[in-house]
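Enquirer: Below are the structure tokens for one structure; questions will follow.
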Amino acid sequence: MLFKPYSLDLNRIKRTTHKQVFLRQMQHVIFWAALVGQIAPICSKGRNSRLPFALETMLGVYFMQRWFSLSGLMLE
């Protein structure tokens, strides 16, 4: 039988982790649009430098850093 590396299914784990459950719950509990609306007027628009990341992305990264006690390097 020929080995087909593209047919190797490495994502067989169907179990949901506690962090995944927590993040799904936070998607329903936190009003992201309201937070982004409050932060948007004071955040950098990237006019004088490179373009910033999307505000929603940075807000999510900040919350994950706080919730899971992660350093900046661990988030990267």
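The values are calculated or read from the model by the stated rules, or taken from the named source; none is laboratory data. Small disclaimer: the values here were computed from a predicted structure and weren't measured. Note: ideal-geometry Cβ built from the backbone for every residue, glycine included; neighbour counts use all protein chains shown.
Enquirer: Return the pair list, or none, for Cβ contacts closer than 9 Å from residues in the range 59-76 that are surrounded by 11 or more Cβ atoms within 10 Å (Cβ to Cβ) to residues that are β-branched (Val, Ile, Thr) and not in a helix (DSSP H, G or I), at least 6 apart or on different chains.
Expert: From residues that are surrounded by 11 or more Cβ atoms within 10 Å (Cβ to Cβ), the pairs are PHE63/ILE30.
Enquirer: When only residues in the range 1-57 that are modelled with pLDDT of 80 or more and either over 21 Å from the mean Cα position of the chain (by Cα) or hydroxyl-bearing (Ser, Thr, Tyr) (or both) count, which is nearest to PHE68 (Cα to Cα)?
Expert: Restricting to residues being modelled with pLDDT of 80 or more and either over 21 Å from the mean Cα position of the chain (by Cα) or hydroxyl-bearing (Ser, Thr, Tyr) (or both), the top hit is THR17.
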